[in-house]
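Worksheet: the structure to be examined is printed underneath.
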């Protein structure tokens with residue numbers, strides 16, 4: 001970004017100091033209550049029994065990092081089923097990634113940052129995912145009383161919205177809600193009961209996305225579609241990454257790479273560096289750790305130093 005854009009986007013003031021918007025966009029953001037709390041609960045509510053939470057994380061940094069970390073948290077806490085077709089297969093993730101992305105962008109950009117001691121929350125249960133942000137609709141209306149396809153765009157934080165629009169993370173026309181629902185409607189296993197829900201009051205806004213695969217399991221634990229199965233390799237690799245003998249930072253980076261590449265993606269050091277925002281040397285160190293853990297294997301025919309994830313149990 002050119003230096004003059006820091007002024008035109010109002011990221012800094014005439015004295016060269018960060019504005020509130022600039023502080024929210026800065027790495028190591030000084031805005032303490034600009035945080036994201038993520039929890040994968042054990043069950044259908046927050047009292048899951050012996051183990052209340054299966055996974056949890058707290059993030060505080062720039063809004064870009066909060067967005068990336070939130071999406072990565074959801075991806076590592078959901079499964080993907082697939083159905084065989086005549087010549088390929090149809091993947092059926094628990095949640096539509098585009099819907100999660102749009103809902104989280106909305107929560108981070110349109111939240112009320114004047115409500116101190118609050119943060120954006122992602123709560124994942126067995127049957128649903130909720131994204132909660134402080135502050136209701138900027139125009140005082142209630143989202144549940146409106147037609148989602150025709151909600152007018154009223155921006156509480158226009159500078160942040162402009163920056164995210166320039167980055168390609170959102171559109172200024174206010175089409176985020178429609179994108180959330182459209183992605184669900186296009187899912188292979190969507191049904192009317194799983195329509196995304198939107199709720200707001202004076203103090204909060206919440207989006208509920210339902211697990212598209214939750215009722216696909218019968219009481220016996222077998223799929224209602226004999227051709228639909230959980231991608232066992234995907235789950236095994238996720239678990240193995242979580243159990244890596246490494247620092248939390250290294251594990252998060254490995255999770256980010258796997259979330260991007262999946263079980264079929266072919267990658268090298270430069271790809272990892274781009275995903276983790278690290279140097280190529282650091283990416284090489286991560287490859288060495290993954291190789292030692294048996295989580296990746298080298299592939300030929302794509303150039304030197306190319307790898308693919310593998311199930312370490314095989």
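Averaging over all projection directions, find the projected area of the Cα convex hull of the range 92-141 and quote it in nm² with one decimal place.
Details: hull surface 17.5 nm².
That works out to 4.4 nm².
On a full-extension model of 0.36 nm per residue, what is the gain between residue 182 and residue 87, subtracting their alpha-carbon distance, rounded to one decimal in nm? Intermediate results must be reported in sequence, preceding the final value.
Values: separation 95, 0.36 × 95 = 34.20 nm, distance 2.66 nm.
My answer for the length gained is 31.5 nm.
In this rough spin-label picture, where each label sits 7 Å from Cα along the Cβ direction, the residue 299-residue 31 distance is 4.0 nm.
Percentage of Cα-Cα pair distances in the range 232-308 greater than 20 Å, rounded to whole percent? Walk me through the intermediate numbers first.
Numbers: 611 of 2926 pairs.
When every Cα pair of the range 232-308 is considered, 21 percent fall beyond 20 Å.
With contacts taken as Cα pairs under 8 Å and at least 6 residues apart, the chain reaches a relative contact order of 15 percent.
Which whole-number percentage describes the relative contact order of the range 232-309, with Cα contacts under 8 Å and a sequence gap of 6 or more? Mind showing how you got there, number by number?
Details: 77 pairs, mean separation 22.9, N = 78.
This gives 29 percent for the range 232-309.
Work out the FRET efficiency for residue 149 and residue 191 from their Cβ-Cβ distance, taking R0 = 22 Å, and round it to the nearest 0.05.
Computed FRET efficiency for residue 149 and residue 191: 0.70.
Most tightly packed first, judged by the mean number of other beta-carbon atoms within 10 Å of their residues, the peptides 176-188, 124-136 read 124-136, 176-188. When the label point is put 7 Å from the Cα of residue 126 along its Cα-to-beta-carbon vector, which residues of the range 51-73 have a backbone N closer than 13 Å? Zone members listed by number: 51.
Quote the FRET efficiency, to the nearest 0.05, computed for residue 141 versus residue 12 with a Förster distance R0 of 30 Å and r equal to the Cβ-Cβ distance.
Numbers: r = 34 Å, r/R0 = 1.12.
Step by step, r from the Cβ atoms, then E = 0.35.
Bridges between two residues of the chain, per DSSP, are antiparallel at a rate of about 90%. At R0 = 30 Å, how high is the FRET efficiency between residue 260 and residue 214 if r is their beta carbon distance? Nearest 0.05 is fine. Approximately 0.75, to the nearest 0.05.
In the chain, helical runs assigned H by DSSP with n ≥ 4 each contribute -39500 (n - 2.57); averaged across all residues and rounded to the nearest 500, the mean residue ellipticity at 222 nm is -10000 deg cm²/dmol.
Contact order for the range 1-77, expressed relative to its length and based on alpha carbon pairs under 8 Å spaced 6+ residues apart, stands at 25 percent.
Over the chain, all Cα pairs binned in 10 Å intervals from 0 give whole-percent P(r) values of 5, 23, 32, 26, 12, 2, 0, listed from short to long.
Distance from the alpha carbon centroid of the range 49-126 to that of the range 194-215 works out to 13 angstrom.
Every number here is computed from the coordinates shown, using simple stated rules; none is lab data. What you see is a predicted model, and the numbers here were worked out from it, not measured in a lab. Quick reminder, even Gly has a Cβ in these numbers, built from the backbone with ideal geometry, and neighbours come from all protein chains shown.
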